[in-house]
Amino acid sequence: MAAVPYVHETEIGETSRRSSAHHNNVKTMLRDYTKIKAQNCQLITQFGEKKFQYPWDITTTTNDDVVVVEREYNTVVILDKDMNLVTTFGQESEDSKLNNPIGVAVGHNIIAVSEFYEHVVKKFTLQGYYLSKFGSYGSENGQFNNPQGLAFNSKGLLYVVNYSNCRVQVFDSSNRFLFKFGSKGSNPGQLQVPRCIALDSSDQVYVTDCDISSGGVIVFSEDGHFINKINCNTPYAICLSPDNCIITSDGHVITVFSPTHQLITKFGTTGSQRGQFDCIYGVAVNSVGTIFVTENNNHRLQLITT
């Protein structure tokens, strides 16, 4: 399928899901993802006095802070919109201590973090203070076997991708199991190697399945009914732009689809220069369309603007 231009103009105001105080003077947003260029990329290799080692999942807050899982340090890193360090957390004692964190989501004043080998999800305040945890090893409702991708919907429900159980589970704000969807297989609505998840502005659900033979982005309704499969080779990370464009990593390439699931553009090659990528494990986008990419093998974040 040939790439097609997609330009969308959106009003940003107080009712926007991603509006924030420092963008109140912004009236319109124009993003043409076909115009991404390497010279517009910025490399971020450290936070505070520490260098990134293995940055994994990444997301943004409503005020455009950037939240990154750093697996080498078992830490969550929060940077402001200018990439200055705000805080880190995860090295405290007892329940607040993180061990093998992998997924992160922000919603409704909560930061949720999945611990891959501990089979739990932990919740923190936006300042990094521990609130609660839930889950245990297993395949029963409310249990996990390697939880990974996380996403909140507009109602505050938390969607958790269970990598080894090949399903998604949904929990309320009190961490109570509500329902699940997906099962292992290659039929419509089934999953083989589910990794990450994102929701659009209408709470439609996008799950990456990076199975090398039958993977793609699997689209579900908010209650878990299969809608569509977006074909791409080995998608891993995923996020939704403010315009509901679908941004995913496909190998060492960033791929962008329109809200109607049409290919817009592909960007990047394998390497370590600006505009090149090596082992993308997280993508996120802020309220003005800047894309953030974590590169495990290049030990850095890369910011992409247009």
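Coordinate-derived values only; no laboratory data. Source: prediction; values computed, not measured. Positions of Cβ are generated from backbone atoms using ideal geometry, with glycine treated the same way; all protein chains shown enter the neighbour counts.
If you take the residues of region 247-263 that are within 24 Å of Asn297 (Cα to Cα) and among the hydrophobic types (A, V, I, L, M, F, W, C), which of them is nearest to the chain's Cα centre (by Cα)?
Just the residues of region 247-263 that are within 24 Å of Asn297 (Cα to Cα), to begin with: 247-256.
From what's left, among the hydrophobic types (A, V, I, L, M, F, W, C): 247, 253-254, 256.
Details: Ile247: 10, Val253: 16, Ile254: 13, Val256: 14 Å.
Per the criteria, the residue is Ile247.
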Within region 206-246, which residues are within 14 Å of the chain's Cα centre (by Cα), assigned to a loop (DSSP other than H, G, I, E, B) and not polar (S, T, N, Q)?
Pro242, Cys245
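Looking only at region 132-163, which residues are of a type in the set (Ser, Thr, Tyr) and crowded, with 17+ Cβ neighbours inside 10 Å? Can you show your working first?
Within region 132-163, the subset of a type in the set (Ser, Thr, Tyr) is 132, 136-137, 139, 154, 159, 163.
Matches in region 132-163: Tyr159, Tyr163.
Anything in region 104-138 that is assigned to a loop (DSSP other than H, G, I, E, B), closer than 27 Å to Asp64 by Cβ and not small (Gly, Ala, Ser)? List them, or say none.
His108, Asn109, Thr125, Leu126, Gln127, Tyr129
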So which residues in region 127-173 are without any contact (Cβ under 8 Å) to a residue 24 or more places away in the chain and among the polar types (S, T, N, Q), if there are any at all?
Ser136, Ser164
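So how many residues does region 49-90 have that are part of a loop (DSSP other than H, G, I, E, B) and either touching a helix residue (DSSP H, G or I) at 6+ places or on another chain (Cβ under 9 Å) or farther than 21 Å from Asn286 by Cα (or both)? Even if it seems obvious, please write down each step before you answer.
If we filter region 49-90 for residues that are part of a loop (DSSP other than H, G, I, E, B), which is where we start, we get 49, 52-54, 61-65, 71-74, 80-84, 90.
Right, trim to either touching a helix residue (DSSP H, G or I) at 6+ places or on another chain (Cβ under 9 Å) or farther than 21 Å from Asn286 by Cα (or both) and you get 49, 53-54, 63-64, 71-74, 81, 90.
Number of matching residues: 11.
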Residue list for region 183-200, filter: in a loop (DSSP other than H, G, I, E, B) and hydrophobic (A, V, I, L, M, F, W, C)
Val193
Within region 252-305, the count of residues that are crowded, with 16+ Cβ neighbours inside 10 Å, more than 28 Å from Phe220 (Cα to Cα) and of a type in the set (S, T, N, Q) comes to 4
Considering (1) surrounded by 16 or more Cβ atoms within 10 Å (Cβ to Cβ); (2) in a strand (DSSP E or B), say which one Asp203 fails and leave the rest.
(2)
Restricting attention to region 184-197, the residues that are hydrophobic (A, V, I, L, M, F, W, C) and either over 21 Å from the mean Cα position of the chain (by Cα) or over 12 Å from Tyr236 (Cβ atoms) (or both) number exactly 1
Of the conditions (1) over 19 Å from the mean Cα position of the chain (by Cα); (2) assigned to a loop (DSSP other than H, G, I, E, B), Lys180 clears all except one; give me its number.
(2)
